[in-house]
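Taking it in order: structure first as structure tokens, then the write-up.
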Amino acid sequence: MTASISFRGVTKTFPVRGSGGARQRTEFTALDRVDLDVAAGEFVALVGPSGCGKSTLLDLLGGLDTPTAGEILLNAKPVTGPGPDRSTVFQQYALLPWRTAQGNVEFGLESIGLPRRQRAARAREYLGLVGLAGFEERYPHELSGGMKQRVAIARSLAYDPDVLLMDEPFAALDAQTRESLQDELLRIWRRTGKTVLFITHGIEEAVYLGGRVAVLTSRPGRVKEVVPIDLGNRAEDQDLRSSPEFARHRHEIWSLLRDEVSRAQQLEKEAAPV
Ligand SMILES: Nc1ncnc2c1ncn2[C@@H]1O[C@H](COP(=O)(O)OP(=O)(O)OP(=O)(O)O)[C@@H](O)[C@H]1O
Ligand SMILES: [Mg+2]
């Protein structure tokens, strides 16, 4: 199964303490009327300056928090809370240290009430899918960072969610591991046809993975531009990252982000007390 996502005028404000002391409450706008449509089965990468509200947007879509205004539709139905149709992979692996790789993947399946033998079979299947066959009985401390992140991805996929939400899942990994996980993720995405929303700080990662790249503005976050990525035929065994199309897209996103970062610095300068 797969699903479309639609953010319609999504605004999120948080109550915060004002500079006048603990009693003075003010509103902080993290997201400001975000509009974004993601088609079923699409892979969209989300980039934006630090603190612009990317994780907040994913939390709202995951149903962990509710928008202050606007709405989020999943297959044309409003999101009202968390559900097994969406699954998140975070930057930190968030594995249970007292459970094996197999046990960690099975954990999520217990909550959806799958019988024990089916759970075990499904967990093995997904560990195989992420290249961890033979590592089922290892505990997290016996796995490398890249392997732990594979377990986290297997755990998310094993639920068979319609939508996979990824919040900088490869940020803590070395370059080689990151590139091989990127390829694996693309392979899994093509095979399963899931809708993927992928947050990253890496411009190259966004261009490599995304069918489109959504660039958010600095605080408060809005969608600045959505850039369609066309890298030609991916099936060929070539170094896509060194192609002229790749360089052109990378530069385009880089320029959009640079403008946002300098705008944010300007705003900060103006807000600073003299
Ligand atoms: N619960 C909260 N209460 C108050 N402010 C919050 C809360 N959660 C997030 N914020 C603020 O909202 C803004 C957006 O935060 P968010 O974590 O979504 O940013 P981000 O784009 O994911 O940043 P990064 O790239 O650094 O991960 C930040 O300024 C943050 O301080
Ligand atoms: Mg974040």
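The values are calculated or read from the model by the stated rules, or taken from the named source; none is laboratory data. None of these values were measured; they are calculated from a predicted model. All Cβ positions, glycine included, derive from the backbone under ideal geometry; neighbour counts span all protein chains shown. Areas reflect the complete protein model, heavy atoms only, side chains present, ligands, DNA and RNA absent. Shrake-Rupley method; radii C 1.70, N 1.55, O 1.52, S 1.80 Å.
Below is a table of values for the structure above.
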read-out	value
Heavy atoms of R187: accessible area, 1.4 Å probe, square angstrom to 10	110 Å²
Beta bridge orientation in the chain: antiparallel %, DSSP, nearest 5	55 percent
Distance (nanometres) between label positions extended 7 Å along Cα→Cβ at A175 and R117	5.0 nm
Length released on extending from D35 to S50, taking residue separation times 0.36 nm less the Cα-Cα span	3.5 nm
Distance between modelled label sites at V226 and A94, nm, 7 Å Cα→Cβ extension	2.5 nm
Segment 156-263, dipole about Cα centre (Lys/Arg Cβ +1, Asp/Glu Cβ -1), debye to the nearest 20	400 debye
Efficiency of FRET from Cβ geometry, T192 and A76, R₀ 22 Å, rounded to 0.05	0.55
Solvent-accessible surface (1.4 angstrom probe) belonging to R219, in square angstrom, nearest 10	120 Å²
Within segment 193-226: backbone nitrogen closer than 19 Å to the E268 label point (7 Å, Cα to C-beta)	201-202, 216-222
Unit charges on C-beta of K, R, D, E only; dipole of segment 93-160, Debye	40 debye
Zone of D65's modelled label, taken as backbone nitrogen in segment 208-236 under 20 Å from a point 7 Å along Cα→Cβ	215-224
The chain, accessible area per residue, ligands and nucleic acids excluded (1.4 Å, Å²)	50 Å²
Solvent-accessible area, 1.4 Å probe, carbon plus sulfur percent, for the chain	50 percent
Of K54/K269; K12/K148; K224/K269, those spanning more than 29 Å from alpha-carbon to alpha-carbon	K12/K148
Net charge of neighbours whose Cβ lies under 11 Å from the Cβ of P78, counting Lys and Arg as +1 and Asp and Glu as -1	+1
List S87, S262, ordered by accessible area with a 1.4 Å probe, largest first	S262, S87
